[in-house]
1. Nearest 20 debye, what's the magnitude of the dipole of region 2-190 about its Cα centre given +1 on Lys and Arg Cβ and -1 on Asp and Glu Cβ?
2. Can you send over the carbon and sulfur percentage of the accessible area for region 2-190, probe radius 1.4 Å, protein chains only?
3. I need the shape label for region 39-193. Rule: rounded when a/c is under 1.5, else prolate if a/b > b/c, else oblate, with a, b, c from the alpha carbon gyration tensor.
4. Under a 1.4 Å probe, what is the accessible area of region 2-190 per residue, stated in Å²?
5. Residue farthest toward the positive end of the dipole of the chain, with Cβ of Lys/Arg at +1 and Asp/Glu at -1: which of Thr91, Cys131, Val120?
6. Starting from the Cα gyration tensor of region 1-89, take the square roots of the eigenvalues, sort them a ≥ b ≥ c, and report rounded, prolate or oblate (rounded when a/c is under 1.5, otherwise prolate if a/b is larger than b/c, else oblate).
7. Could you derive backbone 3J(HN,Hα) for region 103-115 from the dihedral phi with the Karplus parameters 6.51, -1.76 and 1.60 (θ = phi - 60°), listing whole Hz in sequence and x where the residue is Gly or Pro?
8. Just order 24-36, 58-70 by mean Cβ neighbour count inside 10 Å, highest at the front, would you?
Amino acid sequence: MKLLEERIRKDGLVREENVLKVDSFLNHQMDIGLFEEMAKEWKRLFAGCPVNKILTIEASGIGIATIAARAFSVPVIFAKKSQSINLDSDTYSTKIQSFTHGRTYDVIVSKKFLTPHDHVLIIDDFLANGCALMGLLELVEQAGAVAEGVGIAIEKGFQEGGAKIRAKGIRVESLAIVESMDAKTGAIAFRNQ
Ligand code: 5GP
């Protein structure tokens, strides 16, 4: 998606250790006009899929997932990170290793909100090693729901997550795929889609 690529080139900052900082428009300060365009694009890409629920993970997925949910006219659920192991029979839970924080979290979703009747579109800001998505897919599977696909804002194509998730037969639509980035020069190259 050209609009997102241009914005990443203009305002994205390449940091050491493969981190792309986009906090001026995506995951700290949020540009809602841009989110609306992204949501429209996911809506176009997943037209014809019977999506009735959007699932994301706190915190940085929530903004974009909310605007996407508006475009699909469906509810949005966020998986909650829980550090205290306070897991009960009312929740589905799994463990996710955080790329940015290097920690492992338990994440939970209430059984009330994810059921075998659900056709779920998963939305997140980044796809890097794929740990967050694997965890979210595990929650969908525990619920007996159907994963219709995944919408990602920025996939880092040089990390393994995209290949891993697609190899499971899951449809992944990333609006911008970064092929390479250089912390020294700040250069960012995108994959042609
Ligand atoms: P994964 O689980 O695919 O390795 O990483 C996905 C999660 O890590 C995303 O939800 C996102 O919050 C965070 N993340 C991964 N790579 C980056 C990055 O380059 N920049 C930022 N800001 N967050 C990232």
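The values are calculated or read from the model by the stated rules, or taken from the named source; none is laboratory data. Model, not experiment: these values are computed from the prediction. Heads up, the Cβs are rebuilt from the backbone with ideal geometry, glycines too, and the neighbour counts pull from every protein chain shown. What goes into the accessible areas is simple: the full protein's heavy atoms, side chains included, and nothing from ligands, DNA or RNA. Shrake-Rupley method; radii C 1.70, N 1.55, O 1.52, S 1.80 Å.
1. Numbers: 23 positive and 25 negative charges, 31 e Å.
So the dipole magnitude of region 2-190 works out to roughly 160 debye.
2. Numbers: 4590 of 9180 Å².
Here it works out to 50 percent.
3. Working: a/c = 1.94, a/b = 1.28, b/c = 1.52.
Judged from the Cα gyration tensor, region 39-193 comes out oblate (a/c at least 1.5, b/c at or above a/b).
4. Values: 9180 Å² over 189 residues.
Ligands and nucleic acids excluded, the figure is 49 Å² per residue.
5. Of the listed residues, the answer is Val120.
6. Numbers: a/c = 2.42, a/b = 1.13, b/c = 2.14.
Since a/c reaches 1.5 but b/c is at least a/b, the shape of region 1-89 is classed as oblate.
7. 10, 10, 10, 7, 10, 10, 9, 5, 4, 5, 9, 9, 9
8. Numbers: 24-36: 16.3, 58-70: 20.5.
Going by the mean number of other Cβ atoms within 10 Å, highest first, we get 58-70, 24-36.
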